[in-house]
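A short worksheet on the structure shown next.
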Amino acid sequence: MSLALKQVFNKDRTFRPKRKFEPGTQRFELHKKAQASLNAGLDLKQAVQLPHGEDLNDWVAVHVVDFFNRINLIYGTVSDSCTDQSCPVMSGGPKYEYRWQDENKYRKPTALPAPKYMNMLMDWIEVQINNEHIFPTNVGTPFPKTFMQVAKKILSRLFRVFVHVYIHHFDRVSQMGAEAHVNTCYKHFYYFVTEFNLTDHKELEPLKEMTARMCH
């Protein structure tokens, strides 16, 4: 790894603190299993498959948190060049504009500058994954019936970060020498959400051509 890349991916450049798994928990063991598959160089399509005997909710929860951490890091590499002036709306090229909506301040879909959208998004995801009623950490505590619905919403919104980074800031990613890392993370994410049907196909449209070349 180049010195520039090490500087990009050190903990100081992370967009916000990482969410960690507690050692000794089932989630921690699953996280280690997922990481071991990746570290062993296992094909990404195989690495995302549900291990025999494991619970799908647990597997999805582990990956949602992991992708949140990693996509945070990716956005952190371009955040200095993603400003209200350079990106006055959160978009993925001229055809796709993303509006923010939540249950608090923005009850109607609202156009925001990309940095503001990213902050709202990461804050919102952080609240979801730290909510014990949605992402229970204790073994034996059941997941709520709405868990998959929340997971799908998180992953769909995280996909928009990839869209914005690839379409508007990929020159910065290349400049930092992080292209291979970002591409691998994207492929991992894409194979995971398509393996378990966790993102609507219309959400995937903005990167369809790139994905066809990259993810055979």
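The values are calculated or read from the model by the stated rules, or taken from the named source; none is laboratory data. No experiment lies behind these values; they were computed from the predicted model shown. Neighbour counts are summed over all protein chains in view; Cβ atoms, including those assigned to glycine, are modelled from backbone coordinates with ideal geometry. Note: areas computed on protein heavy atoms with side chains; ligands, DNA, RNA excluded. Shrake-Rupley method; radii C 1.70, N 1.55, O 1.52, S 1.80 Å.
Listed values, structure above:
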read-out	value
Filter result for Lys202 (open to solvent by 60 Å² or more (accessible area, probe 1.4 Å) and closer than 24 Å to Ser79 by Cα)	no
Any chance Phe159 is at negative phi, without any contact (Cβ under 8 Å) to a residue 40 or more places away in the chain and either surrounded by 14 or more Cβ atoms within 10 Å (Cβ to Cβ) or touching a helix residue (DSSP H, G or I) at 6+ places or on another chain (Cβ under 6 Å) (or both)	no
Output for region 92-150, where each listed residue is among the basic types (Lys, Arg), within 20 Å of Leu204 (Cβ to Cβ) and either at pLDDT below 95 or more than 20 Å from the chain's Cα centre (by Cα) (or both)	Lys95
Residue ID - most open to solvent (accessible area, probe 1.4 Å), chosen from residues in region 67-121 that are closer than 20 Å to Val182 by Cα and among the charged types (D, E, K, R)	Asp80
